[in-house]
Amino acid sequence: MYAKKTELKNASGLHARPASEFVAMAKQFESKVTVQRLDDEAALPANAKSIIKILAQGLAVGTPIEIAADGPDEVEAVEKLFELVESKFGED
Amino acid sequence: MRILKGNPVSRGVALGKVYIYKAFKADVHESYFEAGKEEEFFRKYQDAVANAEKELDSIVTAMSESSPEKAKIFTAHIEILMDEEVQEGVKEMIFESRTMPDYAVDEVYTTFATLLEKAKDPLIAARAADLRDVRNRVLRILKGEKESNLSSLRENVIVVAHDLLPSDTATMDRNRVMGIITEVGGATSHTAIIARSYKIPALLGVADATEIMRNGDNVIMDALAGKVLLDPEKETIKEYQEKLVEYIKEERETSQYLDKIPLVASGERYSIGLNVGSTDPDENFKYVDFVGLFRTEFVYMGSEHMPTEQEQFDAYKRVLANAMGNPVTLRTLDIGGDKTLRYMVMPKEENPFLGNRALRLCLDHIDMFKTQLRAALRASAFGPLQIMFPMVGTIDDIRAAKAVVNEVKEDLRTKGIAFDEKILIGIMIEIPSIGLIADMAAKEVDFASVGTNDLTQYLHAVDRMNPAITSHYQSMSPSMFRILGRIFAEFNKAGKPISVCGELAGDHLGALVMFGLGLRKFSMNAANISRVKRTLSLFTLEETEDIAKKVQGLSTEAEVISYIKGEVDKRG
């Protein structure tokens, strides 16, 4: 299990295109990957390979999240997804 | 003649025959199969998924050239169809509880759609429609039925449906559909977005539309005023036929001005602002320079209780996030008069428009006022926000309101809560008494915005809610332009920003005169932007100044309007 915390920095949050990109990237890894919002105690880790689960989280700009993975390629999975969030999905 | 009301999410007028569209209706019942057939039924589901993917793939291919935006909808459908959680959910129901595939699909998709509908973000909530759409596709294939859609209509029609799914709107024959009426849906629903992009008039939220109307009924759909006229009389039809011709002509000419830089013919730049009153995302933010009026009433009126600081803060922050970097002018609560709150006791007044409303009411309910100011100040740490007070009549009002702001600021500072220290504080000018001392007001505030609706009401002493005296409500009277000219001149002289956010700013004739009077900031509803830009582009600064001078010397509003109209018509 490997995890990293960050905050959504792109203006539109994890909706629409960014959400699709995020899920598509998560699917490239064998590990189980999850995203959990950290500003809501009731929030459970959501399957990062499910577009619906990701959308349902309603992750807007500024939301603190934890990306976690469990499996053979867990470190690479988390680092790659972390980078994607840091890159603001190409938005300014 | 019967009239139905609805929410006009895509503007326009249409006259024609009703076509009631009923999409494939899944008739699913809870049912299970006997043990041992798990593999067989799971294969059925997998085949259905494979066929659904094929259908979607071919739509994406067909559309990717002609309309890549719509192709994206179907690409998103493939994502949903192939979603890991959806697939797992259905598989589990088939293998663990031997659920028939159709019931399993219905259950899983409905659960997820309900989940999305609960999202606070309207864009995400609207995605529930995509889930239902994909569900219907899979269920239809499981039943062995062919695709039914709006792609082969035999005549021009106004489509009436309970709801249109993204696949219905995307594949429909847009040359035959003159209008769309649905029983459900809001301004950010898929139907609304697609209707606007096709420029098909659309009225959503028309209650019981499919029950009341019948196939072939002749109706007039007025998606400017938000109504459907059933069984219209001959004169009404004639009136609307003229309206339609006029509307089409105007739209064609003005729409191309929407994304133009706002310039008058002699090259002077002015600013266009947007008036907003919800947290809905709006594509029009990209065509404007500022948000001249952010009405906060919806936060209060849409709630069952006094909204908390956090609820307000979230809403204000969301508007800032939507606004694409444009500075947002937040107007503090403007209730009383015609607007009341169900959870707040307000004594009945003889003259509510002259009564305890807006800023007066806020100063009277200081805790409520402070809560809003705290939420606004906190939001100011997240984007360019400025605060504006409505119904200011005297310098005393300004000072009293500013004292409360300072108190709240001080409290935030002590608690170490972030806000914009340089936040601008301004006022609405809508009571003549403050307009007449605009020079003194300008010294007390950072900016002002004129609310021409209330200014007309108070200057002319005409209750704008009283239908018996509408002819006395004259927002283009010579007296209005005299006081406006004075307000603009004083603020310009003081070097303080002045804008107009009332309806006169969105009226192209009013905007023209006000430009001549020295106004450079016009805030309006999105629907008026292109028209104002077009009209102003026809005149040089000098010409607008001549027009402004002239109207102040005319005796009646009718003369003013006919004179300005004449000047606009002369130039096309």
Criterion (among the basic types (Lys, Arg) and more than 14 Å from chain A (Cβ to nearest Cβ)) met by exactly one of B:Lys118, B:Lys146: B:Lys146
Conditions (1) at positive phi; (2) touching a helix residue (DSSP H, G or I) at 6+ places or on another chain (Cβ under 7 Å); (3) at pLDDT 90 or above; number of the one not met by B:Gly325: (2)
Every residue from the range B:81-108 that is in contact with a helix residue (DSSP H, G or I) (Cβ under 6 Å, 6 or more places away or on another chain), facing another protein chain (nearest Cβ under 9 Å) and surrounded by fewer than 22 Cβ atoms within 10 Å (Cβ to Cβ): B:Glu85
Residue selected from the range B:248-292 under the condition hydroxyl-bearing (Ser, Thr, Tyr), at pLDDT below 85 and in a helix (DSSP H, G or I), by the criterion surrounded by the most Cβ atoms within 10 Å (Cβ to Cβ): B:Thr254
Qualifying helices (runs of 4 or more DSSP H) (wholly inside the range B:386-500; at least 2 residues being of a type in the set (Phe, Trp, Tyr)): B:478-494
From B:Ser499, B:Ser523, residue being in contact with a Cys (Cβ under 6 Å, 6 or more places away or on another chain) and buried (at least 22 other Cβ atoms within 10 Å of the Cβ): B:Ser523
Members of the range B:109-122 found to be surrounded by 18 or more Cβ atoms within 10 Å (Cβ to Cβ) and either of a type in the set (A, V, I, L, M) or at pLDDT 90 or above (or both), listed by number: B:Tyr109, B:Phe112, B:Ala113, B:Leu116, B:Ala119
Matching option when the condition is touching a Lys or Arg at 6+ places or on another chain (Cβ under 7 Å) and buried (at least 19 other Cβ atoms within 10 Å of the Cβ), among A:Val35, A:Val23: A:Val23
Any hit, the range A:25-33, residues being touching a strand residue (DSSP E or B) at 6+ places or on another chain (Cβ under 8 Å), in a loop (DSSP other than H, G, I, E, B) and within 14 Å of chain B (Cβ to nearest Cβ): yes
Enumeration of residues in the range A:44-79 that are assigned to a helix (DSSP H, G or I) and either surrounded by fewer than 17 Cβ atoms within 10 Å (Cβ to Cβ) or out of contact with any helix residue (DSSP H, G or I) (no Cβ under 9 Å at 6 or more places or on another chain) (or both): A:Glu74, A:Val75, A:Glu76, A:Val78, A:Glu79
Qualifying residue in the range B:331-348 (condition: among the aromatic types (Phe, Trp, Tyr) and buried (at least 18 other Cβ atoms within 10 Å of the Cβ)): no
Qualifying residues in the range B:293-314 (those that are β-branched (Val, Ile, Thr) and part of a loop (DSSP other than H, G, I, E, B)) - the one nearest to B:Ile429 (Cα to Cα): B:Thr296
Residue list for the range B:20-72, restricted to those being surrounded by 14 or more Cβ atoms within 10 Å (Cβ to Cβ), among the charged types (D, E, K, R) and under 43 Å from the mean Cα position of the chain (by Cα): B:Glu53, B:Glu55, B:Lys70, B:Lys72
Verdict on A:Phe89 being more than 14 Å from every other protein chain (Cβ to nearest Cβ) and in a helix (DSSP H, G or I): yes
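The values are calculated or read from the model by the stated rules, or taken from the named source; none is laboratory data. The structure displayed is predicted, hence computed values, not measured ones. Every residue, glycine as well, gets a Cβ built from its backbone with ideal geometry; the counts of neighbours run over all protein chains shown.
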